[in-house]
Amino acid sequence: MTKIDSYLDSVFRDSDKSQESNDLKLEMRNHLESSIKELQESGLTEEESAKVAIDRFGEEFQIRNELSQVLRFQNKFNKNILKVSLVFLVVCIILLITFFYKESVFKERYNAMNEQIISVEKAFMNKGIAGADKVLKGVFKDDSNNYLTYVAIKELPQDFGMEKDDPNNLLVKSRDLFAGDLKYSYPENVDNKFLNNRFGTVVTYNNTKYMFETGVKTTANWNNSSIYLGISILFFVVSWILWIIWSIANVFRQGKLNTGWAILLILTSIFGYFIFLITSKSERNRLAQA
């Protein structure tokens, strides 16, 4: 069947060596051989039968063109998958960088807020309300760097926190965390909208217990960096899955996909494909030396 071999080699001249190409070539061969056999049974010679069968099958350039279109579609599909996966990876990296930046900015704000609270507490414990008032006026003077909304100092009863199950003064008998008689607040009139984001600690000054209540700005202790981390993980997962599809498609096109390679590619994605390339190259070198 030299004529058939020449014909098929010409048709598949520009195709790759993928499994799809080999299967298609084998299918065409079987079809041609079947047609030639039928023509020979009708009285034609082998050469005449081969010529008629090829003529019936179609013009060489037409088949080659159709085959090229199929292969171009496959190549385009694989390239598009790779491009999309790279886009998702780039976005993932950008989101991850944004997460670290947001996290760093939040920690900076949160530490600055804590420093302001501690500075006011120390001033009160050292010099009483006058000391706290002096520090607070300085803090609130620079509104752009101020993370506090108000500070209230409330006197507590002497037996506050003396319950048997509360040796460390963590509970309040009234079950109101911010109990006590108000002795001082800055500003004097506290806006109710600030009462939802506040902290309370118990401090002692001149043997008297006080509730040191601090309201803080939402921007000081609100951290939204985890949103960027979550989305970046999602984008990476999508990119990883696309790499798996791309890797499996490429190994399949080379006619070497089996269960082992499929499992490896699913587990390791593009890294498994690199292993496949190294293994294939070693096999080619070994065969060339044999």
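The values are calculated or read from the model by the stated rules, or taken from the named source; none is laboratory data. Quick caveat: nothing in here was measured; it's all calculated off a predicted structure. Here the Cβ positions follow ideal geometry from the backbone for every residue, glycine too, while neighbour counts run over all protein chains shown. Each accessible area value is taken on the protein alone, full model and side chains, heavy atoms only, with ligands, DNA and RNA left out. Shrake-Rupley method; radii C 1.70, N 1.55, O 1.52, S 1.80 Å.
Which residue pairs have Cβ atoms closer than 9 Å, lie 6 or more positions apart in sequence or on different chains, and pair a first residue in segment 93-117 that is touching a residue at least 40 places away in the same chain (Cβ under 8 Å) with a second residue that is open to solvent by less than 40 Å² (accessible area, probe 1.4 Å) and of a type in the set (D, E, K, R)?
none
Can you tell me which residues in segment 121-151 are closer than 27 Å to Tyr228 by Cβ and open to solvent by 30 Å² or more (accessible area, probe 1.4 Å)?
If the condition is that a residue be closer than 27 Å to Tyr228 by Cβ and open to solvent by 30 Å² or more (accessible area, probe 1.4 Å), then Ser144, Asn145, Tyr147 are the ones that fit.
From the list Asn250, Asn206, Asn221, which residue is surrounded by 13 or more Cβ atoms within 10 Å (Cβ to Cβ) and within 30 Å of Ser119 (Cα to Cα)?
Asn221
Identify, please: which residue in segment 164-197 is among the aliphatic types (A, V, I, L, M) and either touching a helix residue (DSSP H, G or I) at 6+ places or on another chain (Cβ under 7 Å) or open to solvent by 100 Å² or more (accessible area, probe 1.4 Å) (or both) and is, among those, modelled with the highest pLDDT?
By that ranking, first place goes to Leu182.
Consider Leu234 carefully, then state whether it is among the aliphatic types (A, V, I, L, M) and farther than 30 Å from Lys107 by Cβ.
Here the answer is no, as Leu234 does not meet what is asked.
Within segment 152-163, can you find the residues that are touching a residue at least 12 places away in the same chain (Cβ under 8 Å) and open to solvent by 90 Å² or more (accessible area, probe 1.4 Å)?
Gln158
For segment 27-41, what are the residues that are touching a Phe, Trp or Tyr at 6+ places or on another chain (Cβ under 9 Å) and over 10 Å from Ile4 (Cα atoms)?
Selection gives His31, Ser35.
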